[in-house]
């Protein structure tokens, strides 16, 4: 179990910065924090689930378990519907924040690779480096894109090697395939990874209505990338299964 020894104030302050970096408005962030600290815990207590502020939970696994319980309660779903989905959005947003800050998903994926006895050591090493955003996969993306695929920014230390079809949905060949990858600035990588942006067959950007203040992230509606036919199936998967429509 991953336990994080930080104060509630620490998490609240860092969550604000993180959410703002994704283009969430100050008003939305305040609403999410109010829901996580007060409203949702109060509802759960009324339903017989003693719960304190979600921001005070020090175990990522515990947060995930309680949030999942809340999301599946019919009474919570009714109240969330009245709130136009704001409360479920707050729970999911904070889960993503915790996973992102502590790189939980990446650590779990690497552990899975290490324990896979069917993989040869050479392939295992390649996959681990790829999952960490390093190795040949990143080198291939740098060679192909020659900078950020969307902005053409070229300083490599600011660029992230991102899979188009998510790692967990890809087989090992797809994970190493450079056509299943984009080289993006970190803020654009995060927006793409979370499904707030995607791209049409000819490379034009599509911005989700769920992304607030996209201009603050440097995302313009006239942006595009130069896609090849080899990218098409991977991007179609992203549009259909990752993008928030």
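Nothing in this text is a laboratory measurement; each read-out follows from the coordinates by a stated rule. Here the structure is a predicted model, which means the values were calculated and not measured.
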Helix 232-241: inclination vs the chain longest Cα principal axis, degrees, rounded to 10, gives 0 degrees
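Taking every pair of Cα atoms in the chain, average 1/r, invert it to obtain the Kirkwood radius, and report Rg/Rh to two decimals.
0.99
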Taking Cα atoms only, helix 135-145 is inclined relative to the longest principal axis of the chain by an angle, in degrees rounded to 10, of 70 degrees
Candidates 18, 43, 167; GNM for the chain (alpha-carbon contacts under 10 Å) flags as most fluctuating 43
With no solvent term and unit scatterers on the alpha-carbon positions of the range 8-102, Debye gives log₁₀ I(q)/I(0) at q = 0.13, 0.19 Å⁻¹ of -0.39, -0.86
Which of 82, 207, 101 fluctuates most in a GNM of the chain (C-alpha springs under 10 Å)? That residue is 82
Longest principal axis of the chain (C-alpha) makes with the long axis of helix 8-21 (C-alpha) an angle, in degrees to the nearest 10, of 50 degrees
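For the chain, what is the calculated [θ] at 222 nm in deg cm²/dmol (nearest 500), taking -39500 (n - 2.57) for each run of four or more DSSP H residues and dividing by its residue count? Before the final figure, lay out each step's value.
Working: 12 runs with 126 residues, N = 245.
Helices in the chain give a 222 nm mean residue ellipticity of -15500 deg cm²/dmol.
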Gyration tensor on Cα atoms of the range 139-210, a ≥ b ≥ c root eigenvalues, a/c under 1.5 rounded, else prolate if a/b beats b/c, else oblate, says oblate
For the chain the mean separation of alpha carbon contacts under 8 Å (6+ apart) over residue count, i.e. relative contact order in percent, is 17 percent
